[in-house]
Amino acid sequence: MRRPFKIIGSGLVMITALGVILSAQQPRIQNGAVTAQAAGAPFTQSFRSLVGSAAEVFWIGYSVPVADGERVMCCFNSGTTFVNGTMSNTSGCCGLCRLENSSGTTMSTRQEAATAAGVIKLEGSDRMIVLYRVENRAVERIRVFSEDCQLDAGGRPVRWLENVRPADSIALLESFVGVQGDTRNRVTDGAINAIAMHGDPAADASLQRLVAPTQPESVRKKVTFWLGNARGRPGYEALRRILRDDPSIEVRKGAIFGMSQSKVPESVDALIAIARTDPEPRVRSESLFWLAQKAGEKVSAMIADRIDQDPDTDVKKKAVFALSQLPKDDGVPLLIKVARTNANPEVRKQAMFWLGQSKDSRATDFFAEVLRK
């Protein structure tokens, strides 16, 4: 039996068959009729029957455990909004998320969101909301939000499914990866993102299947990002295997980016090892680029070492570019040293170019010295 939700003030309550009002933390949806119903079993079959049940545009949603409650998946606004009929000037997190709007969800830590909004950091939620937009009896978009994010359904009805098991949700989402007709990748991208954010070990197994060499290269590259960004230690170990064994250079380059997103402490050392020893110059170059974004004394020394020691000129030039991405107090002196002393004229020329782009007074002094000779 479906149970209606009603909006009272800024919150939602659920009316039970006994007339008892129960507080409900989700969904925080306005401007849309929300109807609750049981998830059904088997879940995938029940879900697809619901998708085909109406020709109108509507949303299907449910909540599941989230991998990282400190991560905020919401919308960041700046300007004037209206909350419960009252005008409010807002800047930062978290603004009203309009489901019918084509803009994406912004991710940040809860501390960053609180700082942007000028408020005290709140305790993170341990659940997230997965939403599917249905049009012409087919899922055409998948979105993910933090449970405490305020959503606007744009006048569309919302079917809210209760007690969805995480493993069932992941299996359903995996079935949408690479679906035919997804020309803008909104279904595939949303499905992979949603799988990665699940707080359940089944998500790791699913991502392992999706990154297998039998999958399309475009899918595998997307998965490598989320392995590093959201899956912690299991994701780190998966990326190490990909970097060691995967036959695709493009997927391995994607895995470098994923590794650069990992919070596992060994990830920087792994990138350094790849930059030094990987047999493929394009992979070494990619590692140098993303290492530069992390900065630090260890990284600076390693990049300088690659300029001196790597046998490939293109890798040396990418390492020079990596120096230009470091904080100026780290990068500019090293660029000047390369421009002064490197034996390769192409590398010296590259260092001079990036010194010119730095607009740093030390670079100006160096150029003046060179011109006086």
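The table for this structure:
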{"quantity": "Members of the stretch 129-157 that are assigned to a strand (DSSP E or B) and either in contact with a Cys (Cβ under 9 Å, 6 or more places away or on another chain) or free of Cβ contacts under 8 Å to residues at least 12 places away in the same chain (or both)", "calculated": "ILE129, ARG143, PHE145, SER146, LEU151, ASP152"}
{"quantity": "Candidate set: the stretch 203-213, residues that are open to solvent by 30 Å² or more (accessible area, probe 1.4 Å) and part of a helix (DSSP H, G or I); chosen: the one nearest to VAL144 (Cα to Cα)", "calculated": "ASP204"}
{"quantity": "Selected residue (only one of VAL158, VAL139, VAL144, VAL179 is open to solvent by less than 40 Å² (accessible area, probe 1.4 Å), closer than 20 Å to TRP226 by Cβ and more than 20 Å from the chain's Cα centre (by Cα))", "calculated": "VAL139"}
{"quantity": "Boolean, GLY61 is open to solvent by 20 Å² or more (accessible area, probe 1.4 Å) and either within 30 Å of the chain's Cα centre (by Cα) or modelled with pLDDT under 50 (or both)", "calculated": "no"}
{"quantity": "Verdict on GLN150 being surrounded by fewer than 22 Cβ atoms within 10 Å (Cβ to Cβ) and under 23 Å from ALA33 (Cβ atoms)", "calculated": "yes"}
{"quantity": "Some residue of the stretch 350-361 being among the acidic types (Asp, Glu), surrounded by 11 or more Cβ atoms within 10 Å (Cβ to Cβ) and part of a helix (DSSP H, G or I)", "calculated": "no"}
{"quantity": "Filter result for LYS221 (open to solvent by 50 Å² or more (accessible area, probe 1.4 Å) and touching an Asp or Glu at 6+ places or on another chain (Cβ under 7 Å))", "calculated": "yes"}
{"quantity": "Residue list for the stretch 165-184, filter: among the acidic types (Asp, Glu) and at pLDDT below 85", "calculated": "ASP182"}
{"quantity": "Scan of the stretch 228-248 for residues that are surrounded by 18 or more Cβ atoms within 10 Å (Cβ to Cβ) and among the hydroxyl-bearing types (Ser, Thr, Tyr), ordered by number", "calculated": "TYR236"}
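The values are calculated or read from the model by the stated rules, or taken from the named source; none is laboratory data. Just so we're clear, the structure is a prediction, and the values are computed from it rather than from any experiment. Backbone-built Cβ (ideal geometry, glycine too); neighbour counts: all protein chains shown. We work out accessible area using only protein heavy atoms, side chains counted, and drop any ligands, DNA or RNA first. Shrake-Rupley method; radii C 1.70, N 1.55, O 1.52, S 1.80 Å.
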